[in-house]
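S.K.: This is the structure I want to talk about, given as structure tokens.
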Amino acid sequence: MDLGRRGYIYTLLVAIVAVSFLSVVYFYLEVVESFKSDDMGPVKIRELQNHVKSIKGDFRRATTISTQRALVYSVNRVLVEKNFLSEYEMTACNAFPGYVHPVEGAPSAVSELMLCGTWEGGVGESTKYMGDHTLELWMNKTRNWSALRGYDTQISFRNITLTPYGYQHLLVSAQFDLLVSDDFGGEYFDENLFIHTLVPLEGIEDPYYVVNAGSDAVSRPIRFCSQPPQASAEVILGWVDEGCYLKSPQPFSGPGFLDRLDGADYTQQKYLDLAGDARDLDLGGGVIGLESLVDEHSLRQLDLSTENSSQIDYLYFEDNTDYFCEIPDARKLRMDLEHIRALNVSGGDVVCDIIVEDDEGSLN
């Protein structure tokens with residue numbers, strides 16, 4: 001019995017030691033190893049997340065600058081060549097083989113400059129002007145900058161769209177694939193990357209107005225009018241003198257900025273569709289048409305002919321001589337009756353010539 005009891009105690013002691021040993025091993029695996037993954041791991045992940053965040057922020061900034069430069073260069077080409085962009089088709093470059101922008105016209109021209117720095121596929125003046133601001137060069141810089149920080153970065157371009165966003169901005173959306181990993185093939189970040197940025201149109205020359213005015217002496221940078229609920233003659237004269245731009249009121253469809261680059265006298269369906277797509281994605285937007293009032297006094301000083309039509313710019317340049325109204329207190333400025341109503345023009349005796357059954361009459 002004593003031997004049996006001692007054997008039992010010995011076995012029990014061995015079991016206790018074994019359990020203690022296993023407990024130590026378990027503690028090491030669960031606590032020490034978890035310390036490495038839960039303490040060191042998050043540091044690496046946080047650094048990686050910050051690096052990717054920096055790439056996104058830099059991408060958004062680069063896209064904004066690239067768009068602004070491409071817009072200015074596109075406008076300049078239209079002004080120099082007196083040739084609008086309605087039929088422009090993008091030429092693919094070596095950096096983005098096979099990619100051609102799906103929307104013909106101004107978006108294709110601007111996208112080619114942004115991506116490749118080329119105009120109609122040719123390097124030269126456009127490449128110098130775009131300089132380091134093409135998205136191709138941004139991608140290369142990002143790869144090199146990431147390598148210096150110990151990350152292997154792969155960027156693959158997918159698509160870019162230019163969408164009218166209201167009448168004061170363009171919405172630029174660029175899509176890339178992004179893969180970032182450390183030098184040891186550890187943590188990585190792989191995402192179908194969408195970047196959206198709003199590019200203001202203020203300050204960019206209106207090519208439609210300048211080309212149609214017919215003189216290189218005319219300059220028409222886009223500035224936006226202050227628009228009160230009711231437009232007095234004094235307010236309207238201010239708009240004329242400032243050469244500022246208004247939102248084309250409903251139900252009109254004055255040409256937006258991309259339409260003006262295309263040389264169109266109206267809002268084209270392709271841009272209405274793009275704006276509708278942006279609203280469907282909850283990216284916002286609104287009326288995209290622009291209009292300004294032609295300053296006939298300045299045109300006369302330049303010895304340019306003036307027309308007997310509404311002084312709303314796109315109606316004036318398409319020589320729309322349908323019935324119009326005169327606002328005597330505003331230097332007898334002419335405006336069609338629909339705009340008189342839409343802009344809620346007030347003050348003075350507004351005289352409108354209208355056609356009723358081939359008889360001309362007037363309304364006071």
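The values are calculated or read from the model by the stated rules, or taken from the named source; none is laboratory data. The model shown is predicted, which means the values in this text are computed figures rather than measured ones. Using ideal geometry, Cβ is built from the backbone for each residue, glycine included, and neighbour counts are taken over all protein chains shown.
S.K.: Give, as residue ranges, the helices (runs of 4 or more DSSP H) completely inside the range 36-139 that count at least 3 residues that are more than 22 Å from the chain's Cα centre (by Cα).
M.R.: Once the helices (runs of 4 or more DSSP H) in the range 36-139 are filtered for at least 3 residues that are more than 22 Å from the chain's Cα centre (by Cα), what remains is 41-81.
S.K.: Restricting attention to the range 330-346, and to residues there that are in a loop (DSSP other than H, G, I, E, B) and either in contact with a strand residue (DSSP E or B) (Cβ under 8 Å, 6 or more places away or on another chain) or not assigned by TED's automatic domain parsing to the domain that holds Glu291 (or both), which single residue is modelled with the lowest pLDDT?
M.R.: The qualifying residue modelled with the lowest pLDDT is Ser346.
S.K.: Another one. Given the structure, is Ile155 modelled with pLDDT of 90 or more and either assigned by TED's automatic domain parsing to the domain that holds Leu272 or out of contact with any Lys or Arg (no Cβ under 8 Å at 6 or more places or on another chain) (or both)?
M.R.: No; evaluated as a whole, the condition is false for this residue.
S.K.: Taking the stated definitions as given, is Leu193 modelled with pLDDT of 90 or more, in a strand (DSSP E or B) and outside the structural domain of Leu315 (by TED's automatic domain parsing)?
M.R.: So Leu193 does not fit the description; no.
Conditions (1) closer than 20 Å to Leu274 by Cβ; (2) surrounded by 20 or more Cβ atoms within 10 Å (Cβ to Cβ); (3) touching a helix residue (DSSP H, G or I) at 6+ places or on another chain (Cβ under 8 Å), marked per residue:
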site	(1), (2), (3)
Gly124	no, no, no
Thr153	no, yes, yes
Leu162	yes, yes, yes
Ser181	no, no, no
Phe189	no, no, yes
Leu193	no, no, yes
Ile222	yes, yes, yes
Cys225	no, no, yes
Pro228	no, no, yes
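S.K.: Got a sec? Which of Ser298, Ser310 is in a loop (DSSP other than H, G, I, E, B) and modelled with pLDDT of 75 or more?
M.R.: The unique qualifying residue is Ser310.
S.K.: For the range 95-115, check the following and say yes or no: at least one residue is of a type in the set (Gly, Ala, Ser) and modelled with pLDDT under 95.
M.R.: Yes - at least one qualifying residue is present in the range 95-115.
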